[in-house]
Amino acid sequence: MKTRAEATSARINEAYKTLQNPLLRTQYLLSLRGIDVAEDETAKTEDPELLMEVLETREEIEHAQEEEDLIEMKKINDERIAKSEEILDRAFREDDMNLAKGEAVRMRYWVNIKDSLDAWEKGKPVVLVH
């Protein structure tokens with residue numbers, strides 16, 4: 001009985017974590033429609049502007065000398081994530097799964113940048129996982 005309760009508790013915690021995180025929530029909602037952007041390595045963008053923006057941001061993070069150098073980058077990136085959330089909200093309301101899938105891939109880049117910003121340490125190389 002204790003093992004079952006622990007397993008149920010773990011599932012509830014995982015569900016809560018998924019609902020709280022906009023990227024995980026989006027990936028889950030898309031998975032309900034049979035669209036996998038979480039594990040699909042081909043779910044990348046061909047948008048050259050986005051890729052350039054991600055590359056430039058990565059370079060800015062690498063060149064940061066102090067944590068204060070990241071404040072503006074964090075603000076800009078939080079705005080990117082918020083904009084993605086708005087687009088995803090509209091896409092799901094309008095049942096536009098192509099838009100949702102594309103924006104989920106975009107958001108994954110922004111979340112990876114957020115993770116890099118949060119993990120920044122002086123002199124430590126920046127690794128963006130996608």
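The values are calculated or read from the model by the stated rules, or taken from the named source; none is laboratory data. These numbers were taken from a predicted model, which means no experiment stands behind them. Ideal geometry is used to build each Cβ from the backbone, glycine not excepted, and the neighbour counts take in all protein chains shown.
Residue 74 - would you say it is among the basic types (Lys, Arg) and modelled with pLDDT of 90 or more? Against the criterion (among the basic types (Lys, Arg) and modelled with pLDDT of 90 or more), residue 74 qualifies. When restricted to residues that are loosely packed, with under 15 Cβ neighbours inside 10 Å and among the β-branched types (Val, Ile, Thr), region 20-75 contains 2.
For region 88-98, the count of residues that are farther than 17 Å from residue 28 by Cβ, hydrophobic (A, V, I, L, M, F, W, C) and either at pLDDT 90 or above or in contact with a Gly (Cβ under 6 Å, 6 or more places away or on another chain) (or both) is zero.
Identification of helices (runs of 4 or more DSSP H) wholly contained in region 2-66 with 2 or more residues that are among the polar types (S, T, N, Q) and closer than 20 Å to residue 82 by Cα yields 2-20, 22-32.
Any chance region 101-109 includes a residue that's within 14 Å of residue 29 (Cα to Cα), in a loop (DSSP other than H, G, I, E, B) and either over 14 Å from the mean Cα position of the chain (by Cα) or in contact (Cβ under 8 Å) with a residue 40 or more places away in the chain (or both)? No: region 101-109 contains no residue that is within 14 Å of residue 29 (Cα to Cα), in a loop (DSSP other than H, G, I, E, B) and either over 14 Å from the mean Cα position of the chain (by Cα) or in contact (Cβ under 8 Å) with a residue 40 or more places away in the chain (or both). Residue-level check: of (1) surrounded by fewer than 17 Cβ atoms within 10 Å (Cβ to Cβ); (2) touching a Ser or Thr at 6+ places or on another chain (Cβ under 6 Å), residue 103 misses just (1). Scanning region 58-90 for residues that are of a type in the set (S, T, N, Q) and within 15 Å of the chain's Cα centre (by Cα), we see that the one that is farthest from residue 114 (Cα to Cα) is 84.
Beta carbons closer than 7 Å, at least 6 apart along the sequence or on distinct chains, pair a first residue in region 1-30 that is at pLDDT below 80 with a second that is among the basic types (Lys, Arg) for 18/25; 19/25.
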